[in-house]
Amino acid sequence: MGQKVNPYGFRLGITTDWKSRWFEERHYREFVVEDWKIRDYLMTQLEAAAVSRIEVERTRDRLRVDIHTARPGIVIGRRGAEADRLKKKLEEITGLQNRIQLNIQEIKQPELDAALIAQGICDQLVRRVAFRRAMKRAIQTVQKAGAQGIKVQCSGRLGGSEMSRKEQYREGRVPLHTLRADIDYGFREARTTSGRVGVKVWIYKGDILPYKVSIEDKITREAAMAVGETSGQSGPRRLITAGGGRRRAETFSTEEEQEAAPDNGAEGEEELVEVLVDGADADAVIEAVTEAAPENEAEVEAEAEEAEAEVADLLPSPTEPDDLERQLTQDEEMERQNRHQHHEAPHFRKESD
């Protein structure tokens, strides 16, 4: 049998952090049950608030609860009334009066959160949407958001069938055995009329390299050392490269400086203009570089169009929404036709003499 492990627990302490951060020797059992009560109450009360996860952090006499949600307005309520109500209930559960800090953090990209994607599929299954349509729509949404891979699995009485089964779809790479892989995992249950349907979602966002220097940081450090600056910069610097243009006209304070300056306009048309951005606005630098347009703009535009055409020929054409709808409709029709063909076991009659 396959040995399956939770991706969160598999990478705990390596690329993921604990959802409960505290240490206690004497009252360990009470604190664990208390954390479970806190999460159970908040998830029950905030079913429509798109809550992804709840983190609990304890100090000696205080308790901090972080709610990560895609709809912070529902959690806060009108003028903070809902947040105050939740805070009072948490004080009753824990017994800590005026020592609970409730933080509501907004999820900027809910399309890349596995728990929210699984919750969206469950909501569609409850509304009796076809499970294949819901799964494929979720995959399409996550791919448009920029994920490198996604796997969706549904198990239960899919489509209201008498026998439960398991179906899964995968797009892209989902390296579950790679520890440095940033894989977000979410599990939710849909309470349908025919029973519960479990939905699992794995989203691969890329690799996390905490102990290795990325290529961009290495290039930045080497460029800083070449210029004569220190390598320890406050923030990462980006190297913007623009090619094929004449350099921007330099400004001189006096006429003597202008005469002494070399005329390298012809060299500027062939070289690459490299601008090192250090704390400056990257958009302003890009605009400054693009202002110096080449004289033969028509030739440059023609070459760019040819290159785009070659790239477009190599890349597969994206599926249009109409094609996706047509394909999903055909799949549903085939499933509807073959639904009642293989449910009953064959009956063998004994031949009579």
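Points to keep in mind about this one:
- Residue list for the range 76-93, restricted to those being touching a residue at least 40 places away in the same chain (Cβ under 8 Å) and open to solvent by less than 30 Å² (accessible area, probe 1.4 Å): 86, 90
- Residues of the range 94-123 that are open to solvent by 50 Å² or more (accessible area, probe 1.4 Å) and assigned to a helix (DSSP H, G or I): 111, 119, 123.
- Any chance residue 53 is among the basic types (Lys, Arg) and either at pLDDT below 90 or within 16 Å of residue 93 (Cα to Cα) (or both): no
- Per-region count, the range 15-61, residues part of a helix (DSSP H, G or I) and either in contact with a helix residue (DSSP H, G or I) (Cβ under 8 Å, 6 or more places away or on another chain) or of a type in the set (Phe, Trp, Tyr) (or both): 11
- Counting only residues that are under 16 Å from residue 48 (Cβ atoms) and either open to solvent by less than 30 Å² (accessible area, probe 1.4 Å) or in contact with a strand residue (DSSP E or B) (Cβ under 9 Å, 6 or more places away or on another chain) (or both), the range 124-135 holds 2 of them.
- Top-ranked residue in the range 65-79 [being among the charged types (D, E, K, R) and not in a strand (DSSP E or B); ranked as nearest to residue 105 (Cα to Cα)]: 71
- For the range 153-160, the condition of being in a loop (DSSP other than H, G, I, E, B) and either open to solvent by less than 60 Å² (accessible area, probe 1.4 Å) or out of contact with any Lys or Arg (no Cβ under 9 Å at 6 or more places or on another chain) (or both) holds for none of the residues.
Residues are listed down the side, and each one gets a yes or a no for (1) within 18 Å of the chain's Cα centre (by Cα); (2) basic (Lys, Arg); (3) over 14 Å from residue 184 (Cα atoms):
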position: 110; (1), (2), (3): yes, no, no
position: 126; (1), (2), (3): no, no, yes
position: 138; (1), (2), (3): yes, no, yes
position: 147; (1), (2), (3): yes, no, no
position: 158; (1), (2), (3): no, no, yes
position: 163; (1), (2), (3): no, no, yes
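Residue-by-condition table, conditions (1) of a type outside the set (Phe, Trp, Tyr); (2) modelled with pLDDT of 90 or more; (3) open to solvent by less than 70 Å² (accessible area, probe 1.4 Å):
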{"residue": "177", "(1), (2), (3)": "yes, yes, no"}
{"residue": "190", "(1), (2), (3)": "yes, yes, yes"}
{"residue": "201", "(1), (2), (3)": "yes, yes, yes"}
{"residue": "205", "(1), (2), (3)": "yes, yes, no"}
{"residue": "213", "(1), (2), (3)": "yes, no, no"}
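- If you go through the range 41-75 and keep only what is open to solvent by less than 70 Å² (accessible area, probe 1.4 Å) and over 25 Å from residue 8 (Cβ atoms), you end up with just 73.
The values are calculated or read from the model by the stated rules, or taken from the named source; none is laboratory data. Model, not experiment: these values are computed from the prediction. Neighbour counts are summed over all protein chains in view; Cβ atoms, including those assigned to glycine, are modelled from backbone coordinates with ideal geometry. For the accessible areas, the whole protein counts, side chains as well, though only heavy atoms, and no ligand, DNA or RNA atoms are used. Shrake-Rupley method; radii C 1.70, N 1.55, O 1.52, S 1.80 Å.
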